[in-house]
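Q: To start, I am sharing the structure in question, which I have written as structure tokens.
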Amino acid sequence: MQRQRLLILESYPTFWMGLFLFSGFFLNLGGFPLFDVDEGAFSEATREMLESGNWSATYLNGEPRYDKPIFTYWMQALASLTFGHSEWALRLHSAIAALLWAFAIYKFTRELCDKASATFAVLIFSTTFWITLIGKAATADSIFNLFICLTLLDIYRYSVSKQPLIVLRVWFWMSLGLLTKGPVAILIPVLVSLPFYLSIGQWHLWRQAAFTLSGWALMLATVSPWLYFVWQDQGLGFFEGFILDHNLNRFSNTREGHGGVWYYYLVAIPVLTLPYTGLLLAMMRRGRKLSLDPLDRFMVLWFSVVFVLVSLSETQLPHYVLYGFTPLIILMARHRGANSQQLWLLPAQFALYALVVTLVLLVHFADLTFNNPYEMAIYQSAQKYIDISFVLALICSVAITLLISMSKAATIEKLVLSGLVQTLFVSLFFIPLIADLQQKPVKEAAIYAKSNGLQVEAFKIDTPSFSFYAEQITPTSTSLDPGSVVLTRIDKLNELNETTGDLRYETLFEAQGVLLIKLIH
């Protein structure tokens, strides 16, 4: 790489990495309500686990929850017992997992590449748009990505060092991955490692590691106790619901409206990797050259397997492709100098801001009308929340990014510093704005119900965070009688009227299209 003036590597890299990691994963961690459905579902299931004292199986609103294995709920429960039932505590496991994930990347890259590449890998990692979102989410994804990362990095280490202890580590990481998200913790490592070991003439080494009795024994010892206890609690229901429904059916059928097309991730990845989209595209241009080096080949194979696997799935969500982001981070850091003078790498710094500016203009200057009354309520509320402080924060972020782009720093440092600015804007302003629009009324309705001692039923609304904040099980209504207190949305009132017939209702709480109503004659 041509020598350029460096701002970070020559000035306390440990300090900069700490600042970036704190900003990416701990800043404002509890500063906004839980998002539905996923954050709310995990957190409410954890609350019910603690309330019941049953640490073997999970339940959501009193019904068995087969969505994920147990490990994430255990981590949330431990944090809640230590720090209380707060958004901060319920997201803490993800932030810590992201920190360990970053450390694993740093250690591996420093061992196999160099210290500078390892430092930039951490800086890129902690300011990549989608990674910073997942690293603050009260879900299983940050922990699972940590275990996938540890598994595959050790798989490559074993091909180099051939140390038996590394094989046991691989089996242990896969076991924890099984407890976090299920069979995909084994599927991805197998699909990546087998062709790689064949390509380097180490089939015998792969076979030896794959069929080692000590590895299988370690996995059984790690996973079997929980499998026994969940079977004792839920019988075959968990295995049928999780393996068949949430794994095989999720891959072969569209689940929860999250369908897609084969090019879904081709469109998603440039957004998910902001502001490093240009750097990623520049690195991908080296595709043929990357296949010549074993480390690069392994990273390309890792990403490719994940990309093909999630693209073939009938259920597609942005965070699925995150399983393949670790190799992208390492490759971008390792080959950061190949296009160091290319100014076309920089426009992606402004892409997110362009989307936000479009949102501001639509909200304040477009005369939009929605047929759906709930969507109209959200739109009208956005006019209140997108205020002068938000606009000033947006302007300042764009201005600082522009100044960074005009500086004499190296291109890679312009990117990571711009990434830091983007991360601060997203964490302190953008995500809280979205949370205020989508989740604040749900939280306020739950607090109202709790403070007034109301037992609530839900009608045509899926917001498990309500149950968490109200500290009560909120069943989905099957029959509504006079005196029932119902949580619903303004666009569901016609269906409610059809269900209840001649019953009228009294509005107890209303905000942004979310309603608490009491049915009366």
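Read-outs throughout are calculated quantities, based only on the coordinates presented, and are distinct from any laboratory measurement. Note that this is a predicted model, so its numbers are computed, not measured. For neighbour counting, all protein chains shown are included, and Cβ atoms are generated from backbone atoms with ideal geometry for every residue, glycine included.
Q: Select from the stretch 191-229 those chymotrypsin sites (Phe, Trp or Tyr not before Pro) which occupy a DSSP coil region and have at most 13 other Cβ atoms within 10 Å, ordered by residue number.
A: Details: sites: Phe196, Tyr197, Trp203, Trp206, Phe211, Trp216, Trp226, Tyr228, Phe229; in loops: Phe211.
Counting only loop positions with at most 13 other Cβ atoms within 10 Å, the chymotrypsin sites (Phe, Trp or Tyr not before Pro) in the stretch 191-229 are Phe211.
Q: Could you sort the peptides 430-438, 76-84, 382-390, 512-520 by per-residue average Cβ neighbour count (10 Å cutoff), highest mean leading?
A: Sorting 430-438, 76-84, 382-390, 512-520 by mean packing, highest first, produces 512-520, 430-438, 76-84, 382-390.
Q: A further question follows. Angle between the Cα long axis of helix 411-425 and the longest principal axis of the chain, 0 to 90 degrees, nearest 10?
A: On a 0 to 90 degree scale, this one is about 20.
Q: Determine the percent antiparallel among the DSSP beta bridges restricted to the chain, to the nearest 5. Don't skip to the end; give the middle numbers.
A: Details: 14 of 18 bridges.
Once the DSSP bridges in the chain are tallied, antiparallel ones form about 80 percent.
Q: Would you list Glu240, Glu39, Glu375 from fewest to most Cβ contacts within 10 Å? The partial results should precede the final answer.
A: On the way: Glu240 12, Glu39 23, Glu375 15.
Placing the least packed residue first, the sequence is Glu240, Glu375, Glu39.
Q: A further question follows. Given a cut-off of under 8 Å on Cα pairs at least six residues apart, what relative contact order in percent is computed for the chain? Working shown, then result.
A: Details: 749 pairs, mean separation 97.1, N = 521.
Reported as a whole number, the value is 19 percent.
Q: Return, ordered by residue number, the residues of the stretch 30-73 whose backbone nitrogen is under 18 Å from a label point located 7 Å along Cα→Cβ of Ile186.
A: Under 18 Å, as judged by backbone N against the label point of Ile186, lie 68-71 of the stretch 30-73.
Q: Another question, if that's okay. Roughly what angle does helix 351-365 make with the longest principal axis of the chain, taking Cα atoms, 0 to 90 degrees, to the nearest 10?
A: The answer is roughly 20 degrees.
Q: Which shape class applies to the chain: rounded if a/c is under 1.5, otherwise prolate when a/b exceeds b/c and oblate if not, where a ≥ b ≥ c are the square roots of the Cα gyration tensor eigenvalues? Display every interim value, and only then the final one.
A: Details: a/c = 2.14, a/b = 1.29, b/c = 1.66.
It is oblate, given that a/c is not under 1.5 and a/b is not larger than b/c.
Q: Quick check on the stretch 441-520: of the DSSP beta bridges with both residues there, what percent are antiparallel, nearest 5%? Before the final figure, lay out the partial values.
A: On the way: 12 of 16 bridges.
Counting only bridges with both partners in the stretch 441-520, antiparallel ones make up about 75 percent.
Q: If amide hydrogens are placed 1.01 Å from N in the peptide plane, which non-local residues have theirs closer than 5 Å to the one on Glu457?
A: For Glu457, the qualifying residues are Val485, Val486, Leu487.
Q: Express in nm, to one decimal, how much length is gained between Ser389 and Leu312 on full extension, taking 0.36 nm for each residue of separation and deducting their alpha carbon distance.
A: Values: separation 77, 0.36 × 77 = 27.72 nm, distance 4.33 nm.
Going from the current span to full extension adds 23.4 nm.
Q: How much net charge surrounds Leu29 when only the other residues with a Cβ under 15 Å from the Cβ of Leu29 are counted, with Lys and Arg +1 and Asp and Glu -1?
A: Numbers: positive: Arg91, Lys136; negative: Glu39, Glu87.
Combined, the nearby Lys, Arg, Asp and Glu give 0.
Q: Pull out a ≥ b ≥ c, the square roots of the eigenvalues of the alpha-carbon gyration tensor of the stretch 441-520, then state rounded if a/c is under 1.5, prolate if not and a/b is larger than b/c, and oblate in the remaining case.
A: Details: a/c = 1.61, a/b = 1.50, b/c = 1.08.
Prolate, since a/c reaches 1.5 and a/b exceeds b/c.
Q: Then there is this: Please name which of His521, Met284, His364 has its Cα lying farthest along the dipole of the chain towards the positive end, using unit charges on Cβ (Lys, Arg +1; Asp, Glu -1) and the Cα centre as origin.
A: Of the options given, the answer is Met284.
Q: Output wanted: per-residue J couplings in Hz (rounded whole) for the stretch 377-390, from phi through Karplus 6.51 cos²θ - 1.76 cosθ + 1.60, θ = phi - 60°, x for Gly and Pro.
A: The phi angles translate into 5, 5, 4, 5, 5, 4, 4, 7, 6, 7, 9, 5, 5, 5 Hz.
Q: Projecting each Cα onto the charge dipole of the chain (Lys/Arg +1, Asp/Glu -1 at the beta carbon, about the Cα centre), which of Thr273, Ile105, Ala221 comes out farthest on the positive side?
A: Ile105
Q: Taking the Cα atoms only, what angle lies between the long axis of helix 213-234 and the longest principal axis of the chain, rounded to 10 degrees?
A: Here the helix axis deviates by roughly 0 degrees.
Q: A follow-up question, please. Can you pull the one-decimal nm distance between simple spin-label points at Val223 and Ser304, each 7 Å off the Cα toward Cβ?
A: Those two pseudo-labels are separated by 2.8 nm.
Q: Students often get this wrong, so check it: of Lys443/Lys492; Lys136/Lys443; Lys107/Lys414; Lys181/Lys492; Lys136/Lys289; Lys181/Lys518, which have C-alpha atoms separated by over 28 Å?
A: On the way: Lys443/Lys492 19 Å; Lys136/Lys443 19 Å; Lys107/Lys414 24 Å; Lys181/Lys492 34 Å; Lys136/Lys289 36 Å; Lys181/Lys518 40 Å.
Beyond 28 Å: Lys181/Lys492; Lys136/Lys289; Lys181/Lys518.
Q: How would Lys136, Lys460 line up from fewest to most surrounding beta-carbon atoms within 10 angstrom? Please report the intermediate quantities before stating the final value.
A: Working: Lys136 28, Lys460 16.
By the 10 Å Cβ count, ascending: Lys460, Lys136.
Q: What is the order of Arg91, Arg504, fewest Cβ neighbours within 10 Å to most?
A: Values: Arg91 27, Arg504 12.
So the residues, fewest neighbours to most, are Arg504, Arg91.
Q: Classify the stretch 283-406 as rounded, prolate or oblate from the Cα gyration tensor: take a ≥ b ≥ c as the square roots of its eigenvalues, call it rounded if a/c is under 1.5, otherwise prolate when a/b beats b/c and oblate if not.
A: Working: a/c = 3.79, a/b = 1.63, b/c = 2.32.
The shape class here is oblate.
Q: Still on this structure, please answer the following. Work out from phi, with θ = phi - 60° and the Karplus expression 6.51 cos²θ - 1.76 cosθ + 1.60, the ³J(HN,Hα) of each residue of the stretch 458-472, listed in order in whole Hz, and give x for Gly and Pro.
A: 9, 10, 6, 8, 10, 9, x, 4, 4, 4, 5, 6, 7, 6, 8
Q: Pop out the ³J(HN,Hα) list for the stretch 30-42 in order, Karplus 6.51 cos²θ - 1.76 cosθ + 1.60 with θ = phi - 60°, rounded to Hz; leave Gly and Pro as x.
A: Per residue, the Karplus-derived 3J(HN,Hα) values read x, x, 8, x, 5, 8, 9, 9, 5, 4, x, 5, 4 Hz.
Q: A follow-up question, please. List every residue whose amide H lies under 5 Å from the amide H of His335, counting only residues 5 or more places away in sequence or on a different chain, with H placed 1.01 Å from N in the peptide plane.
A: none
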